[in-house]
Amino acid sequence: MKWLRWVLGAIGVLSLLAVTFAGVWVLRASSERTNADGRNNALFVLKWGGISTNQDFKVTSSYNSARNLTGDHLDYYCIDLATFEVADYAKEQWQDGPEKNPLLADALRSGIEAAREHGNCMPPVEQANSAAMKIMFWSVTLHGRYPSAADIILYPSSRRLYYVSYKT
């Protein structure tokens, strides 16, 4: 019977640890972060865009919303770059604005409008979808004929890179 008591005690301790871990995970995932992300958390934006990570860059503003079980979120980064050099493998993914495809233009508009509700570093929609902007759609998910999720990177002629990601 001593072994049964020991097994039941071990199960209890493991259950308590699992509940504690789940609680911490839920609290962390349900909290939003503003301007808390440093350079390391923004490196993926440069890598996705094929932009050199061997340069001096600074995250000037960021926002990471809380996540839910379906993955709904809004994230953005505004990154000041020293140089905008795109690797050969990514050059064809970057297009000059304005976006002519109405579905992609709608995805861009939705992302920019949502990001501007949480901060002021993103350009206005008119500037984001203009001839002054280079645009890279990393991914766009449609629900029917309406964008429901997107990852978009923007670069105007200035030295600031914009990234917005959303899922609704």
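Using a Gaussian network model of the chain in which every pair of alpha carbons under 10 angstrom is joined by a spring, one finds that among A105, A149, A82 the greatest mean-square fluctuation is at A82. Separation of the range 40-80 from the range 92-154 is 15 Å, based on Cα centroids. Taking every DSSP bridge with both residues inside the range 33-167, close to 100 percent are antiparallel. In the chain, the calculated helix contribution to ellipticity at 222 nm averages -11000 deg cm²/dmol per residue, counting -39,500 (n - 2.57) for every DSSP H run with n ≥ 4. On a 0 to 90 degree scale, rounded to 10, what angle separates helix 2-29 from the longest Cα axis of the chain? The angle comes out at about 20 degrees.
For the range 66-143, the relative contact order comes to 37 percent (Cα pairs under 8 Å, sequence separation of at least 6). Among S158, S148, S15, the largest mean-square fluctuation in a Gaussian network model of the chain (Cα springs under 10 Å) belongs to S15. Computed over all pairs of different Cα atoms, the Kirkwood value for the hydrodynamic radius of the chain is 17.8 Å. Model label points for L14 and S148, set 7 angstrom from Cα along the Cα-to-Cβ axis, are 3.7 nm apart. Between V86, V19, V59, where does the largest GNM mean-square fluctuation fall for the chain, given springs only between Cα atoms within less than 10 Å? With Cα springs under 10 Å in the chain, the top fluctuation among V86, V19, V59 is at V19. Between the Cα long axis of helix 39-49 and the first principal axis of the chain there is an angle of about 50°, rounded to the nearest 10. Counting neighbouring beta carbons within 10 Å and listing from fewest to most, the residues R39, R145 come out as R145, R39.
When K47, K100 are ordered from fewest to most other Cβ atoms inside 10 Å of their Cβ, what list results? Kindly include the intermediate steps, with their values, before the conclusion.
On the way: K47 13, K100 9.
Exposure proxy ranking, most exposed first: K100, K47.
Computed from the coordinates by the stated procedures, all read-outs in this text should not be read as laboratory data. As the structure is a prediction and not an experimental result, all values here were calculated from the model. Counting neighbours? That spans all protein chains shown, and the Cβs are built from the backbone with ideal geometry, glycine included.
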